[in-house]
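Asks: Have a look at this one before I ask anything.
Taken together, the values in this text are just the output of simple stated rules run on the coordinates, not laboratory data. All figures in this text were calculated on a predicted structure; none of them were measured in a lab. A quick note on method: Cβ atoms are made from the backbone with ideal geometry, for glycine too, and the neighbour counts reach across all protein chains shown.
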Amino acid sequence: MNIPKSHPRFVSLQTREKLVKAFGSGLVAKEGLIAQGRGEALDYLIGEKTSKSAKKAISAAAYTLQNAKNPVISVNGNFAALCTPEIIKLSRILDAKIEVNLFYGPESRKKAIARLLKKSGAKEILGTDLKSARKLKGIDSARRIVDKDGIFSADVVLVPLEDGDRTIALKKAKKKVITFDLNPLSRTAQASDVTIVDNVTRAMKLLVKACKKKKVKPRYNNKEVLAESISEIKKNLKRRARLA
Ligand code: PTJ
């Protein structure tokens, strides 16, 4: 296909390939491929670039993570397939723990993800040791199993590409939740403290950069920023319709 390598379409096709490959090696659930399809459609609507509102959310996320006592980066199949180098960098900068937490079993996928993260430089990966497993109240899926030293005792949890139930359960457990979700209307997006409406492949790189600089407390209201993000999508659609 004759698309320049920097073109968003090319990047999006590369991302798709990465996920398909990771599915083949047992890291990504088949449902993860469906989530990717939904993500691609939503990314098209936001213009396949990081919006102003997403940049505000990234700043607020960096401040929240820098000021956390026990920040935990929760990793699922899609996040591991797309962002392993950035997950490792972020955990080093923040001294944050990494925990594998999956919606869809089996244990073997958890272990494969933990192996990939370790092979890529992570010192310790939580979420695979049954001895330190605890249950998070209010969830039916495999996501309820968390590590006592990780998500269970965290004050701030970074949860990418998430289902609504766990975000609500984490909020009930009095944790601050930061999420990446291309859908500003999802239950996760609506329930989180900071929602980064952007493709995790772009936003994680920016979050790593932002966490390297000392942040001052931003004035931040997630509901307002989500409303901005919806207005940006509307504007972008109008612009695209005029171009068509
Ligand atoms: O590996 P597991 O078992 O933990 O499963 C992971 C998935 C993603 C399959 C699971 O959490 C799931 O089913 O999630 P949902 O309910 O499909 O929600 C995923 C959300 O992430 C949706 O709102 C998607 O639009 C959004 N999304 C998809 N791809 C991206 C994304 N958001 C940011 N960046 C993406 N690349």
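Asks: Starting from the Cα-Cα distance between ARG239 and LYS123, subtract it from 0.36 nm times their residue separation and give me the gain in nm to one decimal.
Replies: Here the answer is 37.1 nm.
Asks: Count neighbours as other Cβ atoms within 10 Å of each site's Cβ, and list the trypsin sites (Lys or Arg not before Pro) in the stretch 38-127 that are DSSP loop with at most 15 such neighbours.
Replies: Listed in order of number, the matching sites are LYS49, LYS69, LYS123.
Asks: Taking 19 Å as the cut-off for C-alpha to C-alpha distance, list the pairs among LYS137/LYS176; LYS30/LYS205; LYS56/LYS217 that go past it.
Replies: Pairs exceeding the cut-off: LYS30/LYS205.
Asks: Another question about this same structure. Please list, in order, the residues from the stretch 94-109 whose amide nitrogen is less than 18 Å from a point placed 7 Å along the Cα→Cβ vector of ARG187.
Replies: 102-105
Asks: May I pose another question? At 7 Å along Cα-to-Cβ for each site, give me the label-to-label distance between LYS69 and LYS21 in nm.
Replies: Label-label distance for LYS69 and LYS21, simple model: 4.2 nm.
Asks: Right, next: Could you tell me what percent of the DSSP beta bridges with both partners in the stretch 52-231 are antiparallel, to the nearest 5?
Replies: Counting DSSP beta bridges with both partners in the stretch 52-231, the antiparallel share is about 15 percent.
Asks: I would also like to ask the following. Binning every alpha carbon pair distance of the stretch 39-143 at 10 Å from zero, what are the percents per bin?
Replies: Per 10 Å bin, starting at zero, the Cα-Cα P(r) for the stretch 39-143 comes out as 13, 37, 36, 14, 1 percent.
Asks: Please give the contour-minus-distance gain from ARG134 to VAL216: 0.36 nm per residue of separation, less the Cα-Cα distance, rounded to one decimal in nm.
Replies: 26.0 nm
Asks: Roughly how many debye, to the nearest 20, is the charge dipole of the chain about its Cα centre, given +1 on each Lys and Arg Cβ, -1 on each Asp and Glu Cβ, and no other charges?
Replies: 640 debye
Asks: On a 0 to 90° scale, report how tilted helix 52-66 is relative to the longest principal axis of the chain, with both axes built from alpha carbons and the result rounded to the nearest 10.
Replies: Roughly 20 degrees, rounded to the nearest 10.
Asks: Next question, about the same structure. Report the FRET efficiency, 1/(1 + (r/R0)^6), for GLN14 and LYS174, where r is their Cβ-Cβ distance and R0 is 30 Å, rounded to 0.05.
Replies: Efficiency at R0 = 30 Å is approximately 0.15.
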